[in-house]
Amino acid sequence: MNNFEYKAPTKLIFGKNTIEKLKDEIPKNKKILLTYGGGSIRKNGVYKKVMDALKDHTVMEFGGIEPNPKYETLMQAVEIVKRENIDFLLAVGGGSTLDGTKFIAAAAKFEGEDPWDILSKGAQIKDAIPLADVITLPATGSEMNPGAVISKLETNEKFAFHSPFVYPVFSIIDPETTYSLPEKQTVNGIVDTFVHTMEQYATYDVNTPLQDEWMLGLIKTLMVEAKKVLKNPNDYDARANVFWCATCGLNYWMSLGCAQDWSTHMIGHELTALYGIDHGESLAIVLTRVWKNRKCDKMEKLAKMAIEVFGANEFLPKNILADITIKKTKKFFESLGRRTKLADYGIDKQEAAKKISQRFKERNISLGEKGNIGPDEVHEILMHC
Ligand code: NZQ
Ligand code: ZN
């Protein structure tokens, strides 16, 4: 097992009727900027619940944060934060609203010239405005992690940043808020959770049996609960279980001491930046093709998964077991109604392979747990998508 340190300071408040707890969690003397997306929270009643809970607080609003939140939009909020002396940010919505709010929090305190440097150059964050959230989409794990992913319209770029300063102070997770999700977004969240877990699990083995069991346990649970949610979107327990899978899927607890991959995400972010497909769509396209390409590196873990998750015969050769996991994973995505080829989204694979491998070449980046997925491998992977 590799060395690790871990600290996750976010307080989680999970369950039915928890939005009303906002009133006690945010001090009355704070000037709050409530941030949200394109209006789902107004339609599903979450906005009203939040405003009722905060009726004795000072609250300003900033709406219109898009899916794959845009730097250009978020900088408008940074202006408001500075002008109005906002000292608490409350994100209400999906991962995009929360990620965007993490960026606003850091950018408002950024001392350098251009806050985009936080994303493009990894400029150091020394402080951020405190933030919290009412998260309404189980997917990103952003409610309990220090990461955010931001896009820039001007250059069609999409980058992540991480900082302990942007951990939410608290996150309210009321699974009932997810009843209103369109099926496509529910599926996006299930796929995202699956792939987060796999980015941390399907690497090389450093003898971490407990972590492996947690991660495979999450996958088994997710596969069962996903079916229930799709069959009955108002099944509270299934919604709650899927949400808890999503939060645990990317709070990094399960993979402490393990090697991590993240190449599917890196390639997927490029597909979203260039072609506008959803994050969850990009991942379902790329994951199994990365596995095929790096099967030799991931053999042990993929084989173990075939036995433990898909019930394969443990006496089969590892190579065959790994193939079973690849095939069954693709089947699982398809069982959710998710299409898994670039052509399904009208994307020309040759063009995508050329453009995206070129981008990684220019940035001089290699991906994967072994750093052996260079531009040529990225090209090859995308040609199989
Ligand atoms: O914008 P509104 O009107 O709120 O509607 C949203 C949006 O259209 C809607 N929605 C959210 N909750 C809803 C709802 N509709 C009805 N009922 C509800 N309860 O769903 C749409 C998608 O929302 P979005 O926030 O974009 O989805 P998600 O939570 O999947 O976030 C995706 C973003 O997170 C990033 C992705 O790259 C992408 O930009 N990620 C963030 C990570 C992190 N912070 O750690 C890790 C992930 O790997 C991921 O990269
Ligand atoms: Zn993701």
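Ignoring aspartates and glutamates fewer than eight residues from Lys301 along the same chain, the ones with Cα atoms less than 16 angstrom from its Cα are Glu199, Asp205, Asp212, Glu213, Asp261, Glu314, Asp323, Glu369.
Rounded to whole numbers, the Karplus 3J(HN,Hα) couplings from phi for the range 95-112 are x, 5, 4, 5, 4, x, 5, 4, 5, 4, 4, 6, 5, 5, 10, 6, 8, x Hz, using 6.51 cos²θ - 1.76 cosθ + 1.60 with θ = phi - 60°, and x at Gly and Pro. The mean sequence separation of alpha-carbon pairs under 8 Å and at least six residues apart, normalised by the residue count of the chain, gives a relative contact order of 15 percent.
Against the chain, whose longest principal axis is taken from its Cα atoms, helix 279-293 shows a tilt of about 30°. Residue-wise HN-Hα couplings along the range 119-131, as the Karplus relation 6.51 cos²θ - 1.76 cosθ + 1.60 with θ = phi - 60° gives them from phi, are 8, 7, 10, x, 4, 6, 9, 9, 6, 7, 5, x, 9 Hz; Gly and Pro carry x.
With contacts taken as Cα pairs under 8 Å at a separation of at least 6 residues, the range 287-385 carries a relative contact order of 26 percent.
Of all beta bridges that DSSP places with both ends in the chain, some 25 percent have antiparallel geometry.
When the alpha-carbon atoms of the range 312-372 are used, the pair Rg, Dmax equals 16.4, 45 angstrom. With the helix formula -39500 (n - 2.57) applied to DSSP H stretches of n ≥ 4, the chain reaches a computed 222 nm mean residue ellipticity of -15000 deg cm²/dmol. A dipole drawn for the range 20-152 from +1 and -1 charges on Cβ atoms has a positive end, and of Phe62, Thr35, Val50 the residue lying farthest that way is Val50. When only Cα pairs below 8 angstrom with a gap of at least 6 residues are kept, the range 105-162 shows a relative contact order of 31 percent. Remark: spin-label model distance Lys354-Asn156 equals 1.3 nm, labels positioned 7 Å along the Cα→Cβ axis.
In a simple Cβ point-charge model (Lys, Arg +1; Asp, Glu -1; nothing else charged), the chain has a dipole of about 620 debye relative to its Cα centre. Of the peptides 64-71, 236-243, 282-289, the order by per-residue mean of other Cβ atoms within 10 Å, starting with the highest, comes out as 282-289, 64-71, 236-243.
Projecting the Cα positions of Trp116, Asn17, Val166 onto the charge dipole of the chain (unit charges on Cβ atoms of Lys, Arg, Asp and Glu, taken about the Cα centre) puts Asn17 furthest along the positive direction. Across the range 221-231, computed HN-Hα scalar couplings (Karplus, 6.51 cos²θ - 1.76 cosθ + 1.60, θ = phi - 60°) run 4, 4, 5, 6, 6, 4, 4, 4, 5, 6, 6 Hz from first to last residue, x flagging Gly and Pro. The magnitude of the dipole of the range 135-286, with charges of +1 and -1 set on the Cβ of Lys/Arg and Asp/Glu and taken from the Cα centre, is near 180 debye.
Beyond 24 Å in Cα-Cα separation lie the following of the pairs Lys292/Lys328; Lys11/Lys102; Lys304/Lys354; Lys28/Lys102; Lys21/Lys43: Lys304/Lys354.
For the range 163-282, the Cα-based Rg and Dmax, in that order, read 15.1, 42 Å. Amide H to amide H, with H built 1.01 Å from N, Leu34 comes under 5 Å of Met60, Glu61, Phe62, Leu90, counting only residues 5 or more places away or on other chains. Using the average count of surrounding beta-carbon atoms within 10 Å as a protection proxy, the listed peptides 41-47, 92-98, 263-269 rank, highest first, as 92-98, 263-269, 41-47. Amide H contacts of Ala148: Phe161, each under 5 Å away and 5 or more positions distant or on a separate chain (H built 1.01 Å from N in the peptide plane; Pro and chain starts excluded).
Across the range 82-188, the fraction of Cα-Cα pairs farther apart than 24 Å, rounded to a whole number, is 25%. For the range 266-361, the dipole from Cβ point charges (+1 on Lys and Arg, -1 on Asp and Glu) about the Cα centre works out to 280 debye, to the nearest 20. Both numbers refer to the Cα atoms of the chain; Rg and Dmax are 20.4, 66 Å.
Quick note: the coordinates plus some simple rules give every number you see, no bench work behind them. These figures come from a predicted structure and were not determined experimentally. In this analysis, Cβ positions are derived from the backbone assuming ideal geometry, glycine residues included, and neighbour counts consider all displayed protein chains.
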